[in-house]
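Presented below is the structure to which this report refers.
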Amino acid sequence: MKGSRYARLPQYEARGYPENELEKIQELFSRAFGGRRETGEMLRWQMEENPSLKKRATSLWDGDTLVAYNALTPAKAVYEGRRIYTAVSGTTMANERYMGVSVQLFSECSKQNQDIEVIIGFPNHNSYGITTKYLNHKYIGDVAFWTCKAHRTEFCGDIRRISAFTDEHGGLWKGLSGRHQYMKIRDRDYLNWRFLKRPEYEYQAYELVENGRICGYIVTDVYVENQVRQLQLVDFVALSEESLSALLRFCLDLGARLKCELVKAWMTSGYYKQVFLDAGFVYGNHPFPMTVWEQGLELEKAYLTMCDSDIF
């Protein structure tokens, strides 16, 4: 930890995921996020049903009072050619009466999760300064949206709805992992848990089939922000640039049919940059600062989509 003045702050009892006191998490969530509600179903999905690692949360307590809480969403990944555990640092909240508690919270989280090699985050304004100045969280760049106006267009290929992900879908990531420094493993169990079992979300998934072979998939979600209806491309994997181009053009047409004004996506990999440009997408809207806890990571060598954040 950097900075001596935080070492003099009060220290609180550190625990893990309080599975028998979910109401305490819900109360703090509502207090921290302006009355928004976190359901028990969502908490159990995130903490208790994850097929990779379960119950990866850190909590700080002052007696019976939940002072601060951080949730990790773990997954398997390939990092520099090795299979590892990774996680995104998601819901982070603290009781406003306990000043400076976030430093202890993130420090305890790191101690409790030594088996997770790469932890990424997209900190808000409140967390960014603390994590980069006083802890070993490295700012590696901004992740922004690729955006394009939805419009009717022609696309090639046989594109079908997915009702359940199979081992064939769950093997597509292997063709891309060798080209990237970091990529989450999108196997069958992860894909079904992340997109088809997540409560409160209505993702729609599609596959591209060529000569009886699945060549790619894409997961979409309709979202309304500031009265603008948008089609979000939450995740996608394709075996070739041509396959991704077909999926993107399908989604531009799908967005128009769904009366969306915009189609937007995250894609950090330099490998697919030209495909997005050729499809008419423009990069740079609404940048999110990204941090990595202690490890190094180059954005253009990482394969990150919207599903790598817990926001989407």
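The values are calculated or read from the model by the stated rules, or taken from the named source; none is laboratory data. All figures in this text were calculated on a predicted structure; none of them were measured in a lab. Neighbour counts are summed over all protein chains in view; Cβ atoms, including those assigned to glycine, are modelled from backbone coordinates with ideal geometry. What goes into the accessible areas is simple: the full protein's heavy atoms, side chains included, and nothing from ligands, DNA or RNA. Shrake-Rupley method; radii C 1.70, N 1.55, O 1.52, S 1.80 Å.
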Among Y134, P289, T65, whose Cα lies farthest out toward the positive end of the dipole of the chain, if unit charges sit on the beta carbon of Lys, Arg (+1) and Asp, Glu (-1)?
Y134
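Treat the chain as a sphere of radius equal to its Kirkwood radius over Cα pairs and apply Stokes-Einstein at 25 °C in a medium of 0.890 mPa s; give the translational diffusion coefficient in µm²/s, rounded to a whole number. Can you show the working numbers first?
Values: Rh = 20.5 Å.
Answer from the Stokes-Einstein relation: 120 µm²/s.
Between L9 and D189, what is 0.36 nm times their sequence separation minus the Cα-Cα distance? Round to one decimal in nm. Spell out each step's value before the answer.
On the way: separation 180, 0.36 × 180 = 64.80 nm, distance 4.25 nm.
Stretched out fully, the L9 to D189 stretch lengthens by 60.5 nm.
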About the Cα centre of the chain, how large is the charge dipole given +1 on each Lys and Arg Cβ and -1 on each Asp and Glu Cβ? Please answer in debye to the nearest 20.
420
Rounded to whole Hz, the Karplus (6.51, -1.76, 1.60) HN-Hα couplings of the range 13-22, x for glycine and proline:
5, 9, 9, x, 7, x, 5, 9, 9, 4
What is the percent carbon and sulfur in the accessible area of the range 163-210, measuring with a 1.4 Å probe over the protein chains and ignoring ligands?
39
For the chain, calculate the relative contact order in percent as a whole number, restricting contacts to Cα pairs under 8 Å that are 6 or more residues apart.
21
Mind pulling up the Rg/Rh value for the range 207-312? Radius of gyration and Kirkwood radius, both on Cα.
0.97
Flagged as over-length at 25 Å C-alpha distance, from K76/K301; K111/K174; K24/K264; K111/K133, the pairs are K111/K174; K24/K264
Given charges at Cβ of Lys, Arg, Asp, Glu: the chain dipole, positive-most of P51, P123, F195
P123
Under the rule a/c < 1.5 gives rounded, and otherwise a/b versus b/c splits prolate from oblate, where does the range 161-220 land using the Cα gyration tensor?
oblate
List the residues of the range 267-304 whose backbone N lies under 15 Å from a point placed 7 Å from the Cα of R179 along the Cα-to-Cβ direction.
267-278, 300-304
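Which value results when the Cα radius of gyration for the range 73-161 is divided by 2.2 N^0.38 Å?
Ratio of Cα Rg to 2.2 N^0.38 Å: 1.54.
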Compactness summary of the range 149-258: radius of gyration and Dmax from Cα atoms, Å, are 14.0, 42
From the residues F276, P10, Q26, which one has its Cα farthest along the dipole of the chain in the positive direction, the dipole being from +1 and -1 charges on Cβ of Lys/Arg and Asp/Glu about the Cα centre?
P10
Report, in debye and to the nearest 20, how large the dipole of the range 192-312 comes out about its Cα centre when Lys and Arg carry +1 and Asp and Glu carry -1 on their Cβ.
260
Label points 7 Å out from Cα along the Cβ direction at S163 and H125: separation in nm?
4.8
Rg to Rh, two decimals, where the range 1-150 supplies the alpha carbon set and Rh follows Kirkwood
0.97
Could I have the simple spin-label model distance between K149 and N211, label points 7 Å from Cα toward Cβ, reported in nm to one decimal?
3.8
Mind listing the phi-derived Karplus ³J(HN,Hα) values for the range 186-191, rounded to whole Hz, using 6.51, -1.76 and 1.60 with θ = phi - 60°, and x for any glycine or proline?
9, 7, 4, 5, 5, 4
Could you check how many percent of all C-alpha pairs in the range 143-194 are farther apart than 19 Å?
54
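Just subtract the alpha-carbon distance of N285 and R82 from 0.36 nm times their residue separation and send over the number in nm, one decimal.
Numbers: separation 203, 0.36 × 203 = 73.08 nm, distance 3.27 nm.
Extra length available between N285 and R82 comes to 69.8 nm.
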Can you work out the PRE-style zone for R257? Point 7 Å along Cα to Cβ, and I want the residues of the range 143-177 with backbone N under 16 Å.
150-163
What is the spin-label model distance, in nm, from E19 to E300 if the labels are put 7 Å beyond Cα along the C-beta direction?
4.5
GNM on the chain, Cα springs under 10 Å; top mean-square fluctuation among D278, D187, D142 goes to D278
At a 1.4 Å probe, what is the % contribution of carbon and sulfur to the accessible area of the range 1-125?
44
Each residue of the range 137-143 in order: what ³J(HN,Hα) in whole Hz does its phi give by Karplus 6.51 cos²θ - 1.76 cosθ + 1.60, θ = phi - 60°, with x for Gly and Pro?
8, 9, 6, 10, x, 9, 10
